[in-house]
Amino acid sequence: MSFTTTSFQLDGRRALITGSSRGIGLELARGLGAAGATVVINDRNAEKAKAVAAQLREAGINAETAIFDVTNPEQLQAAIDNLEAQNGAIDILVNNAGIQKRAPLEDFCASDWHALMRVNLDGVFHTSQAVARHMIKRQRGKIINICSVQSQLARPTIAPYAASKGAVKMLTQSMCAEWARHGIQANGLAPGYFATEMNQALVDNPEFSEWLCKRTPAGRWGRVEELCGAAVFLASAASDFINGQTLFVDGGLTSVV
Ligand code: NAP
């Protein structure tokens with residue numbers, strides 16, 4: 001089929017975005033919705049998810065909800081099976097839910113390590129497995145795993161986060177290795193530094209901001225809406241032969257030393 005700009009349209013597609021009632025997840029829901037997708041807002045709290053979905057509907061976006069904790073495999077499997085049965089196919093999965101914990105590596109407590117891995121890595125594994133089983137039956141699907149510049153570069157005090165995001169990048173390539181033949185494209189989207197609640201400690205630290213603006217070729221923090229173009233591209237037919245890649249949206253940070 002020849003290329004037209006409609007290749008970027010997501011009309012008739014349903015996109016589930018984990019952890020999407022705030023921050024990057026919410027912005028990606030707005031972006032995918034603006035491109036025509038029905039978006040499914042996921043949160044652990046039903047009231048929060050419903051309120052966000054209602055706001056999106058007021059803005060003209062088709063929005064539904066799915067309530068689950070990405071660290072609870074039984075709960076998420078049931079919610080995803082229910083969504084597929086009641087609402088219809090999940091065509092696009094964005095594994096966005098994530099947490100950060102900071103401490104020197106030698107002092108990092110094991111329970112914090114495991115808590116972080118359960119959300120950032122196990123959550124991607126369980127959610128993708130639950131959704132991919134349906135996608136495999138249809139021989140079609142798009143999975144976008146939210147990685148990070150820490151998928152490639154380390155920094156002091158965030159060793160578990162960097163380890164989790166490096167693992168998500170390789171899990172993305174493994175999804176490609178096993179699921180590409182089923183018509184599924186799995187790619188990573190790796191943000192640089194964006195001012196969200198996760199980064200509040202960094203946003204509040206002028207020395208960090210000064211360092212970041214010098215370190216980033218673009219000379220500034222990212223704006224969350226700047227992630228949407230890449231997400232729409234990776235969710236759409238325009239990227240149908242792109243698989244297992246990680247696209248860095250970081251103002252050039254990972255391209256330079
Ligand atoms: P955020 O503002 O802290 O939002 C995180 C979202 O994940 C929240 O909606 C949160 O829900 C949800 N979440 C946490 N644990 C969950 C669980 N167990 N089950 C379901 N949802 C859960 O963070 P963000 O900055 O938007 O980050 C989103 C993603 O981008 C993360 O994967 C992060 O690692 C990645 N990232 C962010 C940046 C950045 O600069 N901000 C850079 C690179 C990568 P609650 O509201 O209930 O806590």
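The values are calculated or read from the model by the stated rules, or taken from the named source; none is laboratory data. Bear in mind that the values here come from a model prediction, so they are computed numbers and not experimental data. Cβ sites come from the backbone with ideal geometry, for glycine too, and all protein chains shown count toward neighbours. Note: accessible area is taken over every heavy atom of the protein model, side chains too, but ligands, DNA and RNA are not part of it. Shrake-Rupley method; radii C 1.70, N 1.55, O 1.52, S 1.80 Å.
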The residue that is nearest to the ligand (Cβ to nearest atom), considering only those in segment 8-26 that are open to solvent by less than 30 Å² (accessible area, probe 1.4 Å) and more than 16 Å from Ala237 (Cβ to Cβ), is Gly19
Across segment 27-51, what is the number of residues that are charged (D, E, K, R), within 9 Å of the ligand (Cβ to nearest atom) and surrounded by fewer than 17 Cβ atoms within 10 Å (Cβ to Cβ)?
2
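Regarding Leu93, is this residue among the hydrophobic types (A, V, I, L, M, F, W, C), surrounded by 24 or more Cβ atoms within 10 Å (Cβ to Cβ), within 14 Å of the ligand (Cβ to nearest atom) and touching a residue at least 24 places away in the same chain (Cβ under 8 Å)? So that I can check it myself, show each step before the final result.
Numbers: among the hydrophobic types (A, V, I, L, M, F, W, C): yes; surrounded by 24 or more Cβ atoms within 10 Å (Cβ to Cβ): yes; within 14 Å of the ligand (Cβ to nearest atom): yes; touching a residue at least 24 places away in the same chain (Cβ under 8 Å): yes.
So Leu93 fits the description; yes.
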Those residues of segment 184-228 which are among the hydrophobic types (A, V, I, L, M, F, W, C), away from the ligand (no atom under 14 Å from the Cβ) and farther than 20 Å from Val257 by Cβ amount to Ile184, Ala186
I'm trying to understand the selection: among the residues of segment 57-72, which are among the hydrophobic types (A, V, I, L, M, F, W, C) and within 9 Å of the ligand (Cβ to nearest atom)?
Phe68, Val70
If you go through Lys142, Lys165, the only one that is of a type outside the set (Val, Ile, Thr) and closer than 22 Å to Leu32 by Cα is Lys142
Of the numbered conditions (1) under 17 Å from Ala235 (Cα atoms); (2) of a type in the set (A, V, I, L, M); (3) more than 15 Å from the ligand (Cβ to nearest atom), Ala54 satisfies every one except a single condition; which is it?
(1)
How many residues are surrounded by fewer than 17 Cβ atoms within 10 Å (Cβ to Cβ) and not in a helix (DSSP H, G or I) if we restrict to segment 102-113?
4
Filter result (over 14 Å from Ser128 (Cβ atoms), touching a residue at least 40 places away in the same chain (Cβ under 8 Å) and not charged (D, E, K, R)) within segment 73-83:
Leu83
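Go through segment 214-226 and give me each residue that's among the charged types (D, E, K, R) and open to solvent by 60 Å² or more (accessible area, probe 1.4 Å). Give the derivation first.
Filtering segment 214-226 for residues among the charged types (D, E, K, R) gives 214-215, 220, 223, 225-226.
The answer is Lys214, Arg220, Arg223, Glu225, Glu226.
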Complete set of residues in segment 114-126 that are open to solvent by 50 Å² or more (accessible area, probe 1.4 Å) and either of a type in the set (A, V, I, L, M) or more than 20 Å from Ala79 (Cβ to Cβ) (or both)
His114
Can you pull out every residue in segment 146-164 that is of a type outside the set (A, V, I, L, M, F, W, C), within 9 Å of the ligand (Cβ to nearest atom) and either closer than 21 Å to Ser236 by Cα or open to solvent by less than 10 Å² (accessible area, probe 1.4 Å) (or both)?
Ser148, Ser164
Counted residues in segment 227-257 being hydroxyl-bearing (Ser, Thr, Tyr) and open to solvent by 60 Å² or more (accessible area, probe 1.4 Å) come to 1
Any chance segment 181-202 includes a residue that's of a type in the set (S, T, N, Q) and part of a helix (DSSP H, G or I)?
yes
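Being surrounded by fewer than 17 Cβ atoms within 10 Å (Cβ to Cβ) and not aliphatic (A, V, I, L, M) is the filter here, so list the residues in segment 136-145 that pass it.
Of everything in segment 136-145, those that are surrounded by fewer than 17 Cβ atoms within 10 Å (Cβ to Cβ) and not aliphatic (A, V, I, L, M) turn out to be Lys137, Arg138, Gln139, Arg140.
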Candidates Leu76, Leu83, Leu116, Leu121 - the one that is within 20 Å of Ile144 (Cα to Cα), in a helix (DSSP H, G or I) and within 9 Å of the ligand (Cβ to nearest atom):
Leu76
